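Below is one structure, written out as structure tokens; comments come after it.
Read-outs: derived from the displayed coordinates by stated rules, not from any lab. What you see is a predicted model; the values in this text were computed from it and never measured. A quick note on method: Cβ atoms are made from the backbone with ideal geometry, for glycine too, and the neighbour counts reach across all protein chains shown.
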Amino acid sequence: MLDNIKREVIIACDFSSKEDVNAFLAKMGEAKPYLKIGMELFYKEGPAMVSELKSRGYKIFLDLKLHDIPNTVYKAMRNLGRLGVDITNVHAAGGIKMMEYALKGLTEGSQEAGYERARLIAITQLTSTDERTLKEELLISVPLKDTVKAYAENARKAGLDGVVCSAHEAGIIKDLGLISVTPGIRLQGDSADDQKRVATPALAKEWGSTYIVVGRSITGAADPLAAYKECVKEFVGRI
């Protein structure tokens, strides 16, 4: 599964409107970076925003983190499959059956619309979760890395392509033969903000991440294009 996949930097477009996205992309010159569209932007602008960006040549990771009963996730994912995005996701905590139904819906929706199926990945644990939160709030007594591995194994059993995890767990995921999409990436010296398990692009590369998701280190930079190029140089090894 990993043989023909190249490492890529995904920019988290955590903006509140289409206008904000377009203003940011205008600063990126001729670059066509991989973009993550999350809940804030999708719930404001809807599928039309995704379709517009796809028509302009951008790859899209649609980060909606579906988590519900299997049949509801199946129907929702069937609709998302018609958008032609490149990656989308569910919560692994929903269980194997839910993930299987998600894959079925995504496959059917993609086929109906004439698109290649998006890669489907599962959230293991959010990068804002630490050992204390896991034990005291989520009541999960096993160590964080063991939880991530178990959730990833369930995703593999369900037929998914990979998982979302922190770069700290990327090596575990690589050993399972799955792709890893790792948020919580910061350039050296940048603030961790609300993330707990962070890493630089260089460390993510060393630890085996397939994709990294970078937000404020690029979108909040004085020169976003230069920051993006620095991330690509560190993670991919070339501009």
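Can you list residue pairs whose Cβ atoms sit under 8 Å apart, with the first residue in segment 161-183 being over 12 Å from Ala150 (Cα atoms) and the second being among the aromatic types (Phe, Trp, Tyr) and crowded, with 22+ Cβ neighbours inside 10 Å? Count only pairs 6 or more apart in sequence or on different chains.
Short answer, once both residue conditions are applied: Ile179/Tyr211; Ser180/Tyr211; Val181/Phe61; Val181/Tyr211; Thr182/Tyr211.
Within segment 104-127, is even one residue in a loop (DSSP other than H, G, I, E, B), out of contact with any Ser or Thr (no Cβ under 8 Å at 6 or more places or on another chain) and among the polar types (S, T, N, Q)?
No, that holds for no residue.
Can you tell me which of Val85, Val73 is touching a strand residue (DSSP E or B) at 6+ places or on another chain (Cβ under 6 Å), without any contact (Cβ under 8 Å) to a residue 60 or more places away in the chain and part of a helix (DSSP H, G or I)?
On the way: Val85 fails: part of a helix (DSSP H, G or I).
Every option except Val73 fails the conditions.
Would you mind stating whether Leu41 is buried (at least 18 other Cβ atoms within 10 Å of the Cβ), over 18 Å from the mean Cα position of the chain (by Cα) and within 30 Å of Ala202 (Cβ to Cβ)?
no
How many of the residues making up segment 19-38 are under 18 Å from Leu64 (Cα atoms) and either of a type in the set (Gly, Ala, Ser) or under 17 Å from the mean Cα position of the chain (by Cα) (or both)? Even if it seems obvious, please write down each step before you answer.
In the first step, residues of segment 19-38 are kept if they are under 18 Å from Leu64 (Cα atoms); the result is 21, 34-38.
Going one step further and asking which of them are either of a type in the set (Gly, Ala, Ser) or under 17 Å from the mean Cα position of the chain (by Cα) (or both), we end up with 34-38.
Count: 5.
I need the full set of residues from segment 142-155 which are out of contact with any strand residue (DSSP E or B) (no Cβ under 9 Å at 6 or more places or on another chain) and part of a helix (DSSP H, G or I), in order please.
Of everything in segment 142-155, those that are out of contact with any strand residue (DSSP E or B) (no Cβ under 9 Å at 6 or more places or on another chain) and part of a helix (DSSP H, G or I) turn out to be Leu144, Lys145, Asp146, Thr147, Lys149, Ala150, Glu153.
Filter segment 128-139 down to residues that are under 21 Å from Ile173 (Cα atoms), of a type in the set (D, E, K, R) and part of a helix (DSSP H, G or I), then give me how many there are.
Narrowing segment 128-139 to residues under 21 Å from Ile173 (Cα atoms): 128-131, 134.
Next cut, of a type in the set (D, E, K, R) only: 130-131.
Checking the rest, the ones that are also part of a helix (DSSP H, G or I) come to 131.
Residues flagged as under 21 Å from Ile173 (Cα atoms), of a type in the set (D, E, K, R) and part of a helix (DSSP H, G or I) within segment 128-139 amount to 1.
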